[in-house]
Amino acid sequence: MKILVGVKRVVDYAVKVRVGANGVELKNVKMSLNPFCEIAVEAAVRLKENKAASVSEVVALSIGPKQCQETLRTAMAMGCDRAIHIHTDLRGDYMELQSDSVAKLFQKVIEEKEKDVDLVLVGKQAIDSDCGQVGPMLAGYLNWPQATFAAKIDLDGDGLMVERETDQGTETIKIAKLPAVVSCDLRLNEPRYATLPNIMKAKKKKIDQFQADEFDVDLTAKNKVLEVFEPPARKEGITVDNVNQLIDKLKNEAGLLQ
Amino acid sequence: SFLDSLRSNADLAHVQINQNKYDLDSHGRGEGHHPCAPPSAILVPTSAHDVSQILSMCNKHKVPIIPFGAGTSVEGHVSALNKESISLDMKKFKKVDLPIDGILEDACIEVGAGVTRHELNDHLRHTGMKFMVDPGADASIGGMVACGASGTTAVKYGTMRENILGLECVLPDGTIAKCGTKALKSSAGYDLTSLMTGSEGTLGVITKVTVKLHPIPGHVIAAICEFDSLHEAAEAVATMRMCSIPVERCELLDESSMDAFRRYAASSGDGKFELGAENKPTLFLEFTGSSEAAVREQVTLTESICDDFGGSNFEFKADESERKTLWKARHNLYYASLALRKGATDAVLTDACVPLSKFADIITATVKDVKDFNLVGPCFGHAGDGNFHCILPIVEGDDDDYIAKIHKVNDNLIRRTIDVGGTCTGEHGIGYGKLKYLDSQYGEGGIKFMKELKKGIDPNNIMNPGKVVII
């Protein structure tokens, strides 16, 4: 089995984002591997460690500026064998490069560069754009089966048995035959910390470089972002001194009591 | 009033002043049994400069001030014994100096005093390095320095003292002082970093700390082994040290702790370690190494040592999630112990540390006291360091007799400890509850030395007065 894992470089989840004239401020802001992509990498590496899966190699793919190479090195430190970097300086947080173009670039990689991919693993969504579209769009373009929001992935004959998390509960989906696309959700696994020896080894692993515009893909945004703004500041609450005051406020200010 | 002077200082206009009753209460207590003693106000500075100005004003007006980190101390460190005290909440000091490309050049990093240890390790998660000191609580780094904290990894990596290279602090007169450097060792002048370690906010306010980091272990195996007696378990540990086994964690739990542990594991529903039918003193061990073979060697040798001392049911686990569950259960033993007495929200935690040769005797004597007095008091501890804790839960409504017996257990323990050359506190600190033991522990000379230092640095006694040393 050959696995392709999508990894995206995004603003670190712990950063308090600020909005400037051109959308979210990215200058000097800490960037990291998207948490859901991290889960996808972990899933790929665990499949590789599972002898029954017979994984020949795990390839990580990232699209973005040259610093994506750091993100790819992290993915390789976790266990990916090699990586592909498609270089573009277009903003990947929905401002410029959007899901449709990303899915098409993935498709080009699979059809032209890595022709024998059996399984594509991606995070369910990126935490900057929150779109959750690349996985399903890619499956659509490739005409491959898909299972999204995977909380459990088991080998099942020639295919996979995937448990999918929904708001109503867990759905079990049988993918009869590979190749397929699976997007990974929070409860699938807890990603490993890369150890220093593996980080050192990752520096020597191969990253193939391409330019985004050398593929025959339209990179222009399909949707236009009209405005980016911070949510309005929460109004400060007040403390009241006694129950009578509370009732008075609930009645006369909040209009919640009659 | 003092707060009015603060408010009229334009330089400090951005510093939040909080007098909400509930917040004052939460800033007047830690996680021990000491009664809540709320401060009169909470200030939230954002920089060392803010702290410097605040301290100079407190010094001028002779207003006591108590630095506050995560509020997880257990010896009454933050209790405002003086009602006018100001609480200085360090929660805005959250800077972690990680390079933008995430690559650390040296095995150290500078952090704001308000960063907690879990927050720090989260920031470091892709660097391959980790901050190793792990007390039970998710304490702030500044607080951990002030308390001289340590945890289950001290047996291999040392305590806070051995894991910091330097710090920045503000003295009571407003002086901002740099202590230590980024070098791994130094002989330059007084060791101010060590002086501040364990000073419990009585000498100054820590604003930044340069902590040491260690590589995340490549290969880890956790193991447990049951013994018929605490003595045999302690002897096994001593032998392991003689064989130079570089054990990463070495914890000993008595029967009562094992009871608490099992109930916690059962209720939390995760992780399965096959334990024998009855609760027996048990060693919890962890081994790390650069290769699987290296770790297995340690495990094999340890198994045969445990066997020599009558150990049974030796079991080891390499799986990461199972190991994590095991140590999570160990770290939560405080709460599991409280749960042994329904309705308990507080406990007396003992914290004596003795030379290794005396460890077995001292923990056995305490277990016996707990039994003789008919109390609930699980005993467990860092067998590799000679330090253990007895958790004695208190339920509201406990009669004076029960409470008196609880304190007698602690008192007996500390007396025996000091008699064998140990310390009344291995990691939790003095606060104000253990002041009375310092005389017998250090004698006149040692106490005088501490008083002179305190008088020299804080002549107006504004820094957390009533703790550690009285002037």
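Here are the numbers for the structure shown:
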quantity: Residues (open to solvent by 40 Å² or more (accessible area, probe 1.4 Å) and hydroxyl-bearing (S, T, Y)) located in region B:312-331; calculated: B:S321
quantity: Checklist (1) within 22 Å of B:V51 (Cα to Cα); (2) β-branched (V, I, T); (3) within 13 Å of the chain's Cα centre (by Cα) applied to B:T153, failing item; calculated: (1)
quantity: Residues of region A:199-227 that turn out to be closer than 19 Å to A:G79 by Cα and surrounded by 18 or more Cβ atoms within 10 Å (Cβ to Cβ), as a count; calculated: 2
quantity: Within region B:89-102, considering residues that are open to solvent by 70 Å² or more (accessible area, probe 1.4 Å) and more than 12 Å from chain A (Cβ to nearest Cβ), the one farthest from the chain's Cα centre (by Cα); calculated: B:K92
quantity: Pair list, Cβ under 6 Å, 6 or more apart: region A:27-50 residue farther than 17 Å from A:L186 by Cβ, other residue among the aliphatic types (A, V, I, L, M) and part of a helix (DSSP H, G or I); calculated: A:V45/A:M78; A:L47/A:A53
quantity: Residue match in region B:435-456 (condition: of a type in the set (D, E, K, R) and not in a helix (DSSP H, G or I)); calculated: no
quantity: Qualifying residues in region A:94-116 (those that are surrounded by fewer than 22 Cβ atoms within 10 Å (Cβ to Cβ) and part of a loop (DSSP other than H, G, I, E, B)) - the one modelled with the lowest pLDDT; calculated: A:K115
quantity: Check on B:L171, among the hydrophobic types (A, V, I, L, M, F, W, C) and open to solvent by 60 Å² or more (accessible area, probe 1.4 Å); calculated: no
quantity: B:D89 vs. criteria out of contact with any helix residue (DSSP H, G or I) (no Cβ under 7 Å at 6 or more places or on another chain), over 28 Å from B:V211 (Cα atoms) and at pLDDT 95 or above; calculated: no
quantity: Test for B:V111: is it open to solvent by less than 10 Å² (accessible area, probe 1.4 Å), more than 12 Å from chain A (Cβ to nearest Cβ), part of a strand (DSSP E or B) and over 22 Å from A:V10 (Cβ atoms); calculated: yes
quantity: Residue count, region B:138-150 (criterion: surrounded by 24 or more Cβ atoms within 10 Å (Cβ to Cβ) and either over 22 Å from B:I430 (Cβ atoms) or out of contact with any strand residue (DSSP E or B) (no Cβ under 7 Å at 6 or more places or on another chain) (or both)); calculated: 5
quantity: All positions within region A:193-237 that are touching a residue at least 40 places away in the same chain (Cβ under 8 Å), small (G, A, S) and away from every other protein chain (no Cβ under 14 Å); calculated: A:A212, A:A221
quantity: Set A:N50, A:N28, A:N34: member being farther than 17 Å from A:Q209 by Cα, of a type outside the set (D, E, K, R) and within 14 Å of the chain's Cα centre (by Cα); calculated: A:N34
quantity: Members of region A:6-31 found to be part of a loop (DSSP other than H, G, I, E, B) and of a type in the set (A, V, I, L, M, F, W, C), listed by number; calculated: A:V7, A:A14, A:V15, A:V17, A:A21, A:L26, A:V29
quantity: Selection within region B:335-369 - open to solvent by less than 20 Å² (accessible area, probe 1.4 Å) and of a type in the set (V, I, T); calculated: B:V348, B:T350, B:V354, B:I362, B:I363, B:T366
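Per-residue answers, yes or no, for (1) touching a helix residue (DSSP H, G or I) at 6+ places or on another chain (Cβ under 8 Å); (2) of a type outside the set (D, E); (3) more than 14 Å from every other protein chain (Cβ to nearest Cβ); (4) in contact (Cβ under 8 Å) with a residue 60 or more places away in the chain:
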{"position": "B:L104", "(1), (2), (3), (4)": "no, yes, no, yes"}
{"position": "B:A107", "(1), (2), (3), (4)": "no, yes, no, yes"}
{"position": "B:T116", "(1), (2), (3), (4)": "yes, yes, no, no"}
{"position": "B:N121", "(1), (2), (3), (4)": "no, yes, no, no"}
{"position": "B:H126", "(1), (2), (3), (4)": "yes, yes, no, no"}
{"position": "B:F131", "(1), (2), (3), (4)": "yes, yes, no, yes"}
{"position": "B:A137", "(1), (2), (3), (4)": "no, yes, yes, yes"}
{"position": "B:I141", "(1), (2), (3), (4)": "yes, yes, yes, yes"}
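Okay, residues lined up against (1) within 12 Å of chain B (Cβ to nearest Cβ); (2) surrounded by 14 or more Cβ atoms within 10 Å (Cβ to Cβ):
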position	(1), (2)
A:I3	no, yes
A:G6	no, yes
A:R9	yes, yes
A:K16	yes, no
A:V19	no, no
A:F36	no, yes
A:I39	no, yes
A:N50	no, no
A:S54	no, no
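The values are calculated or read from the model by the stated rules, or taken from the named source; none is laboratory data. Here the structure is a predicted model, which means the values were calculated and not measured. All Cβ positions, even for glycine, are placed from backbone atoms using ideal geometry, and neighbour counts span all protein chains on display. The protein model used for the area step is the full one, side chains on, heavy atoms only, and it has no ligands, DNA or RNA in it. Shrake-Rupley method; radii C 1.70, N 1.55, O 1.52, S 1.80 Å.
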